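Encoded as structure tokens, the structure appears first; notes follow it.
The values are calculated or read from the model by the stated rules, or taken from the named source; none is laboratory data. All values reported here derive from a predicted model rather than from experimental measurement. Here the Cβ positions follow ideal geometry from the backbone for every residue, glycine too, while neighbour counts run over all protein chains shown. Heads up: the accessible areas ignore ligands, DNA and RNA and are worked out on the full protein's heavy atoms, side chains in. Shrake-Rupley method; radii C 1.70, N 1.55, O 1.52, S 1.80 Å.
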Amino acid sequence: MMEMGVHLFIFLLFLLHQTFAGGREQGHHEDCVPGFQVKQYQVAYRQTFQKGLPLLKVEFDDCAGNEDVAFEVSVTKFHVDGDLNLVPLQDVTYSGTVMFIHGQSAHADDIAQVDITGLPLESAHILKLLGLPHRVKRSLLVPPMIVTENQRAPFPRIIGKVIATEKSWDHIFRLTGPGADQDPKGLFTIDIDTGDVSVTRSLDREVIDSYQLEVSTTDLNGNLVEGPVILVITIIDQNDNRPIFKETRYTGEVLEGSPTGTTVMTMTAFDADDSSTDNAALRYNIIRQSPDKPSPNMFYIDAERGDIVTVISPTLLDRETLPTTRYELEIVAKDMAGSEVGLTGTATATITITDKNDHAPEFTHPLFEAYVYEGSTGVAVNLTIDDRDDPATGAWRAVYSIINGDPTQRFKIQTNPDNNEGMLSVVKPLDYEGAAFHKIFIKVENEDLLVSDAGYGPSSTATVQVKVLDINEGPVFFPDPLVVTRMENIPVESFVASLNATDPDTLQLQSVRYAILRDPAGWLTVNHLRGTVNTLASLDRESPYVHDNKYNAVFIAIDNGSPPATGTGTLVIHLEDYNDNAPFVVPSVARVCEDAHDMNVAIVGGRDKDLPPNGAPFKIELGKQPGLDKTWKVTRVNSTHSQIMLLQSLKKANYQLPLLITDSGVPPLSNNSEVKVQVCFCKKNKMLCSSAHSHHASLLVILATLMLSLPCL
């Protein structure tokens, strides 16, 4: 008991030292020390701590009304309620021998210790057997410590004390960990004899907000006596950081006529100070609006959230009547919850008043006039409009349409994208003689729909009077082309066709003259006054100027206007075939081996420039020379081809075989043709033929006959 009383006395002295040290550091009023008013509590062990049943009531005062105080218990099965009672969150059968309560607010940061007394020894023994944690009361007391950032010299400065209740003269304190013997090294030191912990220089909470070190005691030889025990050093924030906006200039939009209270945008600043204190509690304010018309307070910013909303009435928020469509707001963010001592940061908000389609487009004139030459196309007139809405938006861009006066769709209207004007164009040529005057009705609308309280009025329609100007139009051929059918080889000066060209200028009573513009073969002539076409030469269907049995000639008609106008027309003559071309045999050369067993020489066919029935079927036969049928034979294969055969072998030489071919025309035409037959020496798929002149087939027949008669002598 005596030893226990000594320990308790030393501990009370330590608490008293900590209390005065903390008071000096924080600079509070000497009558109130922020934090736990009692630093250590005891709770008698129970077999079960029942859920919701308070164990004790802690005494905590931050000297500022205890607003927004937060508590954290090291054993998470417990918490501190609003009445400062330590209460189990569930039934707890074992909580260890000690727990810590951390209390924190904007004005205080402190820790209290709760000891569980009366834990049965057998319980501790059982916990040890079960491998569960069992806290043994230590003689090394290491309370958490706090340091205010940005302290000024002199340094080092004592921030707390570690007590070893059983320390002998040959035991020393040792401090290790980041901030002591690890980077950042040398921030904290401990007096090896007294246990005083000191800070060696000014700290920055925004760099590191807390340090966790280890305290232990060793003998003079460095052997560990007790520990290590965790030492937590918390850096207390000072208001040393201004609020900073992520951007220097923000942009937002609001639709004209929006209701009062419409959110435009949100401005958000960041403060690097402790977010749990007023050092980072920001308040926003508008300090300038430019321009300040029609009201210097068109917008309001929510002080805490930074939401910018409209204050001006919807009627005054009219884009077309405001002095500008862009307003600039200078926004200030101040920490310390906006108090006078708070630090500030500024940014600019640019708000654009966007347009809605609340103004219908209106024509600048109710009537437009256009003058168009007949026969021409293109833009006739540009229609101008006024629209007070925002240019380059769908509320301003115009859409034109023809609503009446164009039943034959000769006109078309489009929007000029550069100036929003309506371009009325003639897309089908107009005819002065058909209609010299046109009245077109045009309507204009916007791409976007008008708002409900706006509408299109009479000014959104206009009339266009189009006057057609007469020009001397060229004569027109009808029909064009003129197609006629004629037999080839008809006599010269035969009638071919009669051209018909009329002058569209019916009101001018002009005459028309005809001339040939293109006559490739030079076969035709035309009467200049009547337009009758006759042959100047024989028409030949087989001419290279005839394609697909058609011959094309182009004529020109000229009126006597001032100046004269012309028109062209085409005459297509479909030529019927006349049997005026004799057939011929192809190929003209054939080859055969002199020792060939196959006596078939070649298959020849007939060709004829005439069309059926003046061509095939062809009759191919031997010429009329005597004796040919002793050596040669021609056999018909089909209507166009026949087979040439040798009746006996011939020696290597070239032979001219006369053939007679006849077509099927009425009357038929015949033609004497010759086929050159080369009798060649053949060896290993090579043919060696004579280059000498051909022998006439009749001489060969005579020689062959003489050779056959020799054995009879």
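Of all the criteria given as (1) under 30 Å from Gln508 (Cα atoms); (2) surrounded by 15 or more Cβ atoms within 10 Å (Cβ to Cβ), the one not satisfied by Leu622 is (1).
Could you list, in sequence order, the residues of the range 214-265 that are among the polar types (S, T, N, Q) and closer than 30 Å to Ser202 by Cα?
From the range 214-265, those among the polar types (S, T, N, Q) are 216-218, 221, 223, 234, 238-239, 241, 248, 251, 258, 260, 262-263; that's our starting set.
Matches in the range 214-265: Ser216, Thr217, Thr218, Thr234, Gln238, Asn239, Asn241.
Among the residues of the range 176-185, none qualifies, meaning not one is in contact with a helix residue (DSSP H, G or I) (Cβ under 7 Å, 6 or more places away or on another chain) and crowded, with 20+ Cβ neighbours inside 10 Å.
Give Glu206, Glu166, Glu214, Glu247 a once-over and let me know the one that is open to solvent by 60 Å² or more (accessible area, probe 1.4 Å), closer than 30 Å to Ala347 by Cβ and either in contact with a Gly (Cβ under 9 Å, 6 or more places away or on another chain) or of a type in the set (Asp, Glu) (or both). Give the derivation first.
Numbers: Glu206 fails: open to solvent by 60 Å² or more (accessible area, probe 1.4 Å); Glu166 fails: closer than 30 Å to Ala347 by Cβ; Glu214 fails: closer than 30 Å to Ala347 by Cβ.
Among Glu206, Glu166, Glu214, Glu247, only Glu247 is open to solvent by 60 Å² or more (accessible area, probe 1.4 Å), closer than 30 Å to Ala347 by Cβ and either in contact with a Gly (Cβ under 9 Å, 6 or more places away or on another chain) or of a type in the set (Asp, Glu) (or both).
Would a scan of the range 475-496 turn up a residue that is farther than 30 Å from Leu611 by Cα, open to solvent by less than 40 Å² (accessible area, probe 1.4 Å) and of a type in the set (Gly, Ala, Ser)? The answer is no; no qualifying residue exists.
Can you tell me which of (1) modelled with pLDDT of 80 or more; (2) open to solvent by 30 Å² or more (accessible area, probe 1.4 Å) is the one Leu659 doesn't meet? Checking Leu659 against (1) modelled with pLDDT of 80 or more; (2) open to solvent by 30 Å² or more (accessible area, probe 1.4 Å), the one that fails is (2). For the range 359-376, a residue qualifies if it is at pLDDT below 95, part of a loop (DSSP other than H, G, I, E, B) and either over 30 Å from Gly394 (Cβ atoms) or open to solvent by 40 Å² or more (accessible area, probe 1.4 Å) (or both), and the qualifying residues are Glu374, Gly375, Ser376. Scanning the range 385-429 for residues that are within 30 Å of Lys356 (Cα to Cα), outside any strand (DSSP E or B) and of a type in the set (S, T, N, Q) yields Thr393, Asn416, Asn419, Asn420. For the range 41-100, a residue qualifies if it is open to solvent by less than 20 Å² (accessible area, probe 1.4 Å) and part of a loop (DSSP other than H, G, I, E, B), and the qualifying residues are Val58, Asp62, Ser95, Gly96. Residues in the range 145-158 that are aliphatic (A, V, I, L, M) and either buried (at least 20 other Cβ atoms within 10 Å of the Cβ) or touching a Lys or Arg at 6+ places or on another chain (Cβ under 8 Å) (or both): how many? Total meeting the criteria: 3. For the range 299-348, the candidate set comprises residues that are among the acidic types (Asp, Glu) and out of contact with any helix residue (DSSP H, G or I) (no Cβ under 7 Å at 6 or more places or on another chain); within that set, the residue that is farthest from Pro259 (Cα to Cα) is Glu340.
Being more than 42 Å from the chain's Cα centre (by Cα) and either within 25 Å of Pro243 (Cβ to Cβ) or of a type outside the set (Ser, Thr, Tyr) (or both) is true for just one of Leu329, Leu316, Leu282, Leu343. Which residue is that?
Matching residue, one of Leu329, Leu316, Leu282, Leu343: Leu343.
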